[in-house]
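Notes follow the structure.
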Amino acid sequence: MGKEIVFSKYHCNGVNCILINEAQEGLNEQGNLSAVKKEELFRLICDHNLGVGALGVMTVCRVLKPEDGDGGRQPAIYAIKYYHGSNGKEGTFTGTGSICCAHFAANAGIVPINQSFAFQGRDGIHKALVESNLDKAHVRFNVETSTVKKYDDDNFFINTGSPIHVQFVKGLAKLNVLELGRKICHSEQYSCLNGTNVIFAENALDGAGPIRIRSFFRGIEIEALACGTGSVATALVMATNMCGGNACETKMEFEIECKGGRFTVSVGSVNSQGGFNDVFLTGPARKICEGSYFCNHA
């Protein structure tokens, strides 16, 4: 029998992922699993026919203990990584995955509940907090130096940990997201990024309801039920437009409605460089199942 890997499966507004305690399962640098074998393992565990089935894998591991630095005053830092289910390769930052990972870590007792903790993503240090009732998690985004690029009145680009093209449309419900999303994703302007995620957004007719979005994911080439980084990108485009492209100290909050559920994005301020301070994504996560995956490839 091959290696047994304990996992949990979560979803955040319909975007699912498999969560693994990297150190506990011997998948960290101290383990003997090569990068190639790890990619193959994650691809297989995400396969809907040969494995558990999921869009991707999230791993969590403590990389700094409190006693490791600053005389015991340095808080613990945890590393999280996302791997695409389609090929097992490490991907860019994911908002839905980070919310799921925060819930997983809190449920497992790895991180405290109702207390802010730091984690290392691919794009730097983030902070997160899981509410005491485990209903929602808040994830802070590193977008202080990220700026919105405007192509025209309806099309924008910003990197929120993952590259996001935001297009405002009318008639969102009838839009062919796969066709239009694929066209934008693989356009010449994004060839240097190996494509981009694409968000199609529509404001409420009365101006008072949530902003509704639909999401195209690069790499796996599907319409996803939700997108955390895309929800943040949409909110930051709105914030930039509301501030007229200028610095703005007013705190703003946006409700983003995805096909799979709703996120809240809060923006503390728009800074003088066009970036954004104190940006938080808030959303739910639910455990679907937990178990063991038996792998003969590890």
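The values are calculated or read from the model by the stated rules, or taken from the named source; none is laboratory data. Quick caveat, the model's predicted, so the values are computed rather than measured. A quick note on method: Cβ atoms are made from the backbone with ideal geometry, for glycine too, and the neighbour counts reach across all protein chains shown. Surface areas here come from the heavy atoms of the whole protein model, side chains and all, with no ligands, DNA or RNA. Shrake-Rupley method; radii C 1.70, N 1.55, O 1.52, S 1.80 Å.
Brief remarks follow.
- Linear extension gain, Asp154 paired with Gln115, 0.36 nm per residue minus alpha-carbon span: 10.1 nm
- Prolate/oblate/rounded label for region 133-272 (Cα gyration tensor, a/c 1.5): rounded
- With both labels modelled 7 Å from their Cα along Cα-to-Cβ, the Phe294 to Ala108 distance reads 2.2 nm.
- In the context of the full set of protein chains, residues of the chain present 46 Å² of accessible surface per residue (probe radius 1.4 Å, heavy atoms only).
- Centre-to-centre, using Cα atoms only, region 267-298 and region 120-144 are separated by 6 Å.
- With all protein chains modelled, accessible area of Thr264 [1.4 Å, Å²]: 30
- Normalised per residue, the volume of the convex hull around the Cα set of the chain (Å³): 142
- Using Cβ point charges alone (K and R +1, D and E -1), the dipole size of the chain about the Cα centre works out to roughly 320 debye.
- The apolar share of the surface of region 145-252, taken as the fraction of accessible area on carbon and sulfur atoms (1.4 Å probe, ligands and nucleic acids excluded), comes to 51 percent.
- Per-residue Karplus couplings for region 272-279, computed as 6.51 cos²θ - 1.76 cosθ + 1.60 with θ equal to phi - 60°, are listed in order as 5, 8, x, x, 9, 10, 6, 9 Hz, Gly and Pro entered as x.
- Listed residues His126, Pro210, Gly268: farthest to the positive end of the dipole of the chain (Cβ charges): Pro210
- Charge dipole of the chain about the Cα centre (unit charges at C-beta), most positive-ward option of Cys289, Phe104, Tyr151: Cys289
- Built amide H within the under 5 Å cut-off of Ile222, gap 5+: Phe217
- Backbone phi angles across region 133-138, fed through the Karplus curve with coefficients 6.51, -1.76 and 1.60 (θ = phi - 60°), yield HN-Hα couplings of 8, 6, 7, 9, 10, 10 Hz in residue order; Gly and Pro are listed as x.
- Those trypsin sites (Lys or Arg not before Pro) in region 205-298 that DSSP places in a loop and that have at most 12 other beta carbons within 10 Å: Lys251
- Taking GluC sites (Glu not before Pro) as exposed when their DSSP state is a loop state and no more than 15 other Cβ atoms lie within 10 Å, the longest site-free interval of the chain runs over 30-130.
- Dipole magnitude for region 142-298: about 360 debye, using +1 per Lys or Arg Cβ and -1 per Asp or Glu Cβ, origin at the Cα centre.
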